[in-house]
Every structure is written in C-alpha cells, then in structure tokens.
Amino acid sequence: MPDILTTALAQSGLGWVALITVVAGIVYGFAGFGAALIFMPVATIFWVPELAVASFSVSALASLVTLVPRAWGQMDKPSVLTMIAFSVLGAPVGIYVLRTSDVVHIRWAVLVIAAVTLAALMSGWRQKLSSLRSTQAAVGTVTGFVGGATGLLGPVMLLFQLSGTEPVARVRANSLVFLTVSSLLLLPSMALQGMLSGQAVMLGLLLLVPYGIGAKVGQAIFIPRFEVFYRIVAYVIIAVAILMGLPFWD
C-alpha cells in the first residue's frame, strides 16, 4: 500500500469526518446548500483548517458528477458564471489569511459565519439586492475570499440568491453549480500557496465516495413540494454541527 494512502487512512478522526461527509452530502443533495456549513465545524475538531478546506475541495469532484449535470440546464448561466469568475479573484487572498492565521481563530470564524448564516436563513431574512453584473461580481469576490479563508463558500452566495425572486428550482441549481465549481477552483490557488499537500488530496479522494453517495441519496429523496421540510431538516443538522464544533469541548 502506498505510504501516502497509509498515512491518510491513519489520519486522526477520519471515521468521524467520513460520517459527517455522508451527512453533508445528503443535505447538499436535497437542499442545494449546507455541505460546508456541516462539514467544516466538525472536520476542524480533528484536522487543522488548511487540511479540512483542501480535502473538502477535492471531494467536491463528487458533486461535479452527481449533481451538477442536472442542475446545469436549470441555472441562470450568466449570473452564476460571473460569480464563479470573480470568486477565483477573491480566493487567493482568503487562502493567504487561512494559511497565516491562528488555527483557533479560523475555527471560531467558521463557527461564527455558520451561525450567522443559519440565523439569517431561519429568520427568513431577505435584503433586496441589485441583479446587476457589478453586484454579482462583488458577491463572487467576497464569496471567494470567505471560502478561501474558512472553506465556507455558501453563506454569501446563498443569502444573495435568497434575496431574489427566482423559483426554488433555479435557486437550488444556481447554488449547486456555483458551490461545486468554486470549491474545485480553490485547488489551484491552494497549490500555488503550498497548501495542497499529497495528504490533503488523498483524504479528499477518500471522502469523495461517501460525499458522492450522500449527494445522490439526498437528490433521490428530494420532493419539491416538501421543500420547506427539507430546509428545516438542513437547519437542524447545521445547528448540531455548529454546536459540536465549539472549541469549548476540546
């Protein structure tokens, strides 16, 4: 067995992280959001944030195959592609912050951002934003920065999507494609800054299977008319993940 695989399999907490990856995939499959909000708070209990972000980005390859093909035809292509392009510009700065910041500070940033996002979603917060390309470019840039620094690509983009009046199916498709592609596009910036280690890649490949299985299960059980129920389930699971990730338990 190659040394890199042996090292990855011996990684502390791999079983727990694989389990939370399945849960994150299921929620992502039926809700179209929430994977990183569930994965990052728990994964950073066991792994340093750099390793958690890098491995989770690699595992996004699963969504590229399982979820993106169906969502591609339903999304608002000009809007999503604009945000993806600008997220690539914001990501390197965020990755630099991740690479140079204290581990505990990043963990708290992950939890605070996740908690604020959850509170906004549960409260039904809406803030009407312009649909101009300049607004989409700003959302993409900020999303890339936050995603690079914490692994949480979803919050800014998700709240922007919910500020509009598009049908649920299109919002879900926009989120699925943006989050999957942007997560994968973090990898070149990580590699350039020396964060994409062989261990991170191997762990990401190991997590690819449980994440892909979870995403397919979530997609299979999604019934549009029960969309509100799925959201509530997603909120509960995200809240549990945030509570589990609190450094107090360390």
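The values are calculated or read from the model by the stated rules, or taken from the named source; none is laboratory data. Not measured: the values here are computed from a predicted model. Cβ sites come from the backbone with ideal geometry, for glycine too, and all protein chains shown count toward neighbours.
Given the structure, is LEU153 farther than 21 Å from PHE229 by Cβ, of a type in the set (A, V, I, L, M, F, W, C), loosely packed, with under 15 Cβ neighbours inside 10 Å and modelled with pLDDT under 90? Spelling it out, it is not the case that LEU153 is farther than 21 Å from PHE229 by Cβ, of a type in the set (A, V, I, L, M, F, W, C), loosely packed, with under 15 Cβ neighbours inside 10 Å and modelled with pLDDT under 90.
Residue by residue, here is whether (1) modelled with pLDDT of 90 or more; (2) among the hydroxyl-bearing types (Ser, Thr, Tyr); (3) under 26 Å from ALA71 (Cβ atoms) holds:
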| residue | (1), (2), (3) |
| --- | --- |
| ARG107 | yes, no, no |
| ALA137 | no, no, yes |
| GLY144 | yes, no, yes |
| LEU162 | no, no, yes |
| ALA169 | no, no, yes |
| GLN193 | yes, no, no |
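The residues of the range 8-18 that are surrounded by fewer than 14 Cβ atoms within 10 Å (Cβ to Cβ) and in a helix (DSSP H, G or I), listed by number, are LEU9, GLY15. Within the range 67-76, the only residue that satisfies the criterion of being under 16 Å from VAL27 (Cα atoms) and outside any helix (DSSP H, G or I) is LEU67.
Among the residues of the range 224-242, are any loosely packed, with under 13 Cβ neighbours inside 10 Å, touching a residue at least 60 places away in the same chain (Cβ under 8 Å) and farther than 29 Å from VAL48 by Cα? Scanning the range 224-242 turns up no residue that is loosely packed, with under 13 Cβ neighbours inside 10 Å, touching a residue at least 60 places away in the same chain (Cβ under 8 Å) and farther than 29 Å from VAL48 by Cα. Residue pairs whose Cβ atoms lie under 7 Å apart, separated by 6 or more positions or on different chains, with the first residue in the range 41-66 and in a loop (DSSP other than H, G, I, E, B) and the second surrounded by fewer than 24 Cβ atoms within 10 Å (Cβ to Cβ), are TRP47/GLY13; VAL48/VAL103; ALA60/LEU184. The set of residues in the range 74-106 that are under 23 Å from ALA191 (Cβ atoms) and touching a residue at least 60 places away in the same chain (Cβ under 8 Å) comprises MET83, ILE84, SER87, VAL88, ALA91, PRO92, ILE95, TYR96, LEU98, ARG99, ILE106.
Scanning the range 68-92 for residues that are under 13 Å from GLY140 (Cβ atoms) and either modelled with pLDDT of 90 or more or of a type in the set (Phe, Trp, Tyr) (or both) gives LEU81, THR82, MET83, ILE84, ALA85, PHE86, SER87, VAL88, LEU89, GLY90, ALA91.
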